[in-house]
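Novice: Take this structure first; my questions come after.
The values are calculated or read from the model by the stated rules, or taken from the named source; none is laboratory data. Not measured: the values here are computed from a predicted model. Here the Cβ positions follow ideal geometry from the backbone for every residue, glycine too, while neighbour counts run over all protein chains shown.
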């Protein structure tokens, strides 16, 4: 190998190494704070943490969907805070952006006692990642971020929910995996509604189109 070719090869190796280092750093997900939400005017606000991934990230769901990584419950009386989830996950946007855009009153995610959120944290289709075809699970905690638990099954996709606090119930729209392919696609039009009692946090009977 000529002296020139050796230098050219060395230059290529160094360039490739530096590119990989830069790419590895740029592909790391970064986070940013969203606007705080008052859930208890006497003590508590929720501060969402959103993904701020760049173009090179291989985390496609964070790139193309509106998701929070976590939620911080901050008590401004005691000056203390806690994260809702121990590890960052994929929390679907709290407010419906389209309702806000069209000047409609956005759906709330909380009542005087409970805070609700839809979370993608189950690799239901076993493809090694969370993506748009995995289900959204409905979670609930109190308005201080305590007693977190899942309400819905990870085998179904919670499409939406609307709270009617004065009537003490919420309406949940749920999608089923109609063809049992372990993917939830828009083309699978198998939905039902169900009432959630806000006092007992129990579901009523399914409302279906047959």
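Novice: With 120, 112 as the choices, which residue is surrounded by 17 or more Cβ atoms within 10 Å (Cβ to Cβ) and modelled with pLDDT of 90 or more?
Specialist: Being surrounded by 17 or more Cβ atoms within 10 Å (Cβ to Cβ) and modelled with pLDDT of 90 or more holds for just one of 120, 112, which is 120.
Novice: Another question, if that's okay. Collect the residues in the range 68-87 that are touching a strand residue (DSSP E or B) at 6+ places or on another chain (Cβ under 6 Å) and outside any strand (DSSP E or B), keeping them in residue-number order. Explain how you work it out, then say what you get.
Specialist: At the first step, the residues of the range 68-87 found to be touching a strand residue (DSSP E or B) at 6+ places or on another chain (Cβ under 6 Å) are 68-75, 81-85.
Result: 84, 85.
Novice: If you go through the range 159-178, how many residues are in contact with a strand residue (DSSP E or B) (Cβ under 6 Å, 6 or more places away or on another chain) and either at pLDDT below 90 or over 23 Å from residue 132 (Cβ atoms) (or both)?
Specialist: 4
Novice: Does residue 95 count as in a loop (DSSP other than H, G, I, E, B), under 14 Å from the mean Cα position of the chain (by Cα), surrounded by fewer than 20 Cβ atoms within 10 Å (Cβ to Cβ) and at pLDDT below 85?
Specialist: Values: in a loop (DSSP other than H, G, I, E, B): yes; under 14 Å from the mean Cα position of the chain (by Cα): yes; surrounded by fewer than 20 Cβ atoms within 10 Å (Cβ to Cβ): yes; at pLDDT below 85: yes.
For residue 95, the condition - in a loop (DSSP other than H, G, I, E, B), under 14 Å from the mean Cα position of the chain (by Cα), surrounded by fewer than 20 Cβ atoms within 10 Å (Cβ to Cβ) and at pLDDT below 85 - is met.
Novice: Counting just the residues of the range 54-67 that are at pLDDT 60 or above and not in a loop (DSSP other than H, G, I, E, B), which one comes out surrounded by the fewest Cβ atoms within 10 Å (Cβ to Cβ)?
Specialist: 61
Novice: Taking the condition of being farther than 14 Å from residue 117 by Cα and surrounded by 14 or more Cβ atoms within 10 Å (Cβ to Cβ), how many residues in the range 156-167 meet it?
Specialist: 2
Novice: If you don't mind, there's one more thing I want to ask. Taking the condition surrounded by fewer than 13 Cβ atoms within 10 Å (Cβ to Cβ) and at negative phi, does residue 181 pass?
Specialist: Yes: the conditions hold for residue 181.
Novice: Return the residues of the range 179-207 that are farther than 20 Å from residue 123 by Cβ, assigned to a loop (DSSP other than H, G, I, E, B) and at pLDDT below 95; say none if nothing qualifies. Explain how you work it out, then say what you get.
Specialist: Quick first cut of the range 179-207, residues farther than 20 Å from residue 123 by Cβ only: 187, 189-207.
Checking which are assigned to a loop (DSSP other than H, G, I, E, B) leaves us with 187, 189-190, 198-202.
187, 189, 190 - these are the residues of the range 179-207 that are farther than 20 Å from residue 123 by Cβ, assigned to a loop (DSSP other than H, G, I, E, B) and at pLDDT below 95.
Novice: Go through the range 139-159 and give me each residue that's over 22 Å from residue 38 (Cβ atoms) and touching a residue at least 40 places away in the same chain (Cβ under 8 Å). Show your work before the answer.
Specialist: In the first step, residues of the range 139-159 are kept if they are over 22 Å from residue 38 (Cβ atoms); the result is 149-159.
The answer is 151, 158.
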